[in-house]
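First the structure, in the form of structure tokens, and then the observations on it.
The values are calculated or read from the model by the stated rules, or taken from the named source; none is laboratory data. All figures in this text were calculated on a predicted structure; none of them were measured in a lab. Every residue, glycine as well, gets a Cβ built from its backbone with ideal geometry; the counts of neighbours run over all protein chains shown. Each accessible area value is taken on the protein alone, full model and side chains, heavy atoms only, with ligands, DNA and RNA left out. Shrake-Rupley method; radii C 1.70, N 1.55, O 1.52, S 1.80 Å.
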Amino acid sequence: MSGEKKYSVAVVGLGKRGMHHADAFANNGRFEIVGLCDIDQGRVDAAAKKFGGPKAGTDAKALLQGLKPDVFCFCTLPNLRLDMIRLGVESGAKLIAFEKPVALTTNEALEVMKVVRAGNVKTVVSHQHRYGEHYQKVKEIIASGAIGRVHTVYGTASGWMMHMLTHLIDYMRWFNDNAEAEWVVGQAAGKEKFADNHPSPDYVAGLIQFANGVRGIVECGDGAPDVPEVDYWWRKCRIGAQGTEGFAEVLTGGGWRAITKDSGGVISGPGCMDYAHDMPPYIQQIADWLDDPNKVHPCNGESAYKGFEIMMAICRSATQRGKIKLPLGPGEPELEALAKALPD
Ligand SMILES: NC(=O)c1ccc[n+]([C@@H]2O[C@H](COP(=O)([O-])OP(=O)(O)OC[C@H]3O[C@@H](n4cnc5c(N)ncnc54)[C@H](O)[C@@H]3O)[C@@H](O)[C@H]2O)c1
């Protein structure tokens, strides 16, 4: 829209998700890409060509010298978070947009939050599946009271923990009005995926007690229930809520379904996770939040941290046994501890 401020953006990490972000920023008139970076020169050159030749390079620190973007966006693999957050804060950015998971350990996530809070920098973490029409529909049904009083929220995914679990928890928390979690019990199995670039136990399960009395149930990875209605493996996720008078759930790759007090049977509708559909509103709400501090982004980092904390509490419980109370303080790096505790 004419007359509105354009926010400058630097995007670091130009792989799959970095290019999704760069595309969505470039296609939104409220943003202008002023910097691009990847350690892979070929990716830098291709992106620079595509997005009109802004400042570009293979070193994020050098890129940010004198650039002062309004938005610092980085989409690197999970091993790179705190250093990028520090760079973003030092660059003077007003908002840092980055990919899930928030970090690889509670210690790192606590430091991430400390640095951004001290720098008064807004953060947004990409749990963007929620913009799918089927996710929105399930939220609408639950929020309308049509399934009665919600007592249980749940989420399962075939994909492994560091890829999928904070997505599940984020949408479950949303369906449960972002209630605080009080304690968590967890279990895990299998060590193969600790060597992956999204290091995880092969299978993880957790029970979550929310302060509003609602019980959360999550399962993720090799052993989680199949979602036979969905063909595409990564989208075999089922997230929903049960209430006193029905249920409503979303299948990431297969629409939504529900029974409500007035539906007289199962009702259902379409929807499939789609980056091209979900990224534009996610990016637009970054502009909205920068325009107006009251329009807090639904994927804000404080909320993402709460979801990450639940995931780490599940890991701690699988290692230490018993209930883990939230909030978490610093502790032994969860994945290392879990890898030691699980049998071969
Ligand atoms: N929100 C979602 O739906 C979703 C989907 C897929 C992946 N992800 C997340 O996105 C993140 C990135 O995943 P991806 O699939 O895009 O990975 P990718 O490997 O395709 O891209 C990562 C890029 O970062 C670059 N990079 C690495 N170190 C760098 C550095 N120091 N400086 C600059 N660039 C650097 C790599 O060269 C690569 O191009 C992961 O955390 C992943 O979990 C999210």
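Yes/no per residue for (1) in contact with a His (Cβ under 8 Å, 6 or more places away or on another chain); (2) at pLDDT 95 or above; (3) in a loop (DSSP other than H, G, I, E, B); (4) closer than 21 Å to Val112 by Cβ:
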{"site": "Ala10", "(1), (2), (3), (4)": "no, yes, no, yes"}
{"site": "Ala24", "(1), (2), (3), (4)": "no, yes, no, no"}
{"site": "Val34", "(1), (2), (3), (4)": "no, yes, no, no"}
{"site": "Ala47", "(1), (2), (3), (4)": "no, yes, no, no"}
{"site": "Pro69", "(1), (2), (3), (4)": "no, yes, yes, yes"}
{"site": "Gly88", "(1), (2), (3), (4)": "no, yes, no, yes"}
{"site": "Ile96", "(1), (2), (3), (4)": "no, yes, no, yes"}
Criterion (surrounded by fewer than 22 Cβ atoms within 10 Å (Cβ to Cβ), more than 16 Å from the ligand (Cβ to nearest atom), at pLDDT 95 or above and of a type in the set (D, E, K, R)) met by exactly one of Lys61, Lys137: Lys137
I'd like the residue in segment 64-88 that is within 19 Å of Phe31 (Cα to Cα) and more than 13 Å from the ligand (Cβ to nearest atom) and, out of all such residues, is farthest from the chain's Cα centre (by Cα). Gly66
In segment 101-134, the residues that are within 15 Å of the ligand (Cβ to nearest atom), under 19 Å from Ala276 (Cβ atoms) and of a type in the set (D, E, K, R): Arg130
Only listed residue being over 18 Å from Ala304 (Cα atoms), within 16 Å of the ligand (Cβ to nearest atom) and either under 17 Å from the mean Cα position of the chain (by Cα) or open to solvent by 40 Å² or more (accessible area, probe 1.4 Å) (or both), chosen from Trp233, Trp174: Trp233
Would you pick out the residues in segment 109-130 that are over 16 Å from Gly88 (Cα atoms), within 12 Å of the chain's Cα centre (by Cα) and not in a loop (DSSP other than H, G, I, E, B)? Gln128, His129, Arg130
Suppose we keep only residues that are open to solvent by 30 Å² or more (accessible area, probe 1.4 Å) and more than 16 Å from the ligand (Cβ to nearest atom) within segment 266-289. Which one would you say is nearest to Ala26 (Cα to Cα)? Gln284
What single numbered condition from (1) open to solvent by 30 Å² or more (accessible area, probe 1.4 Å); (2) within 29 Å of Glu108 (Cβ to Cβ) fails to hold for Asp45? (2)
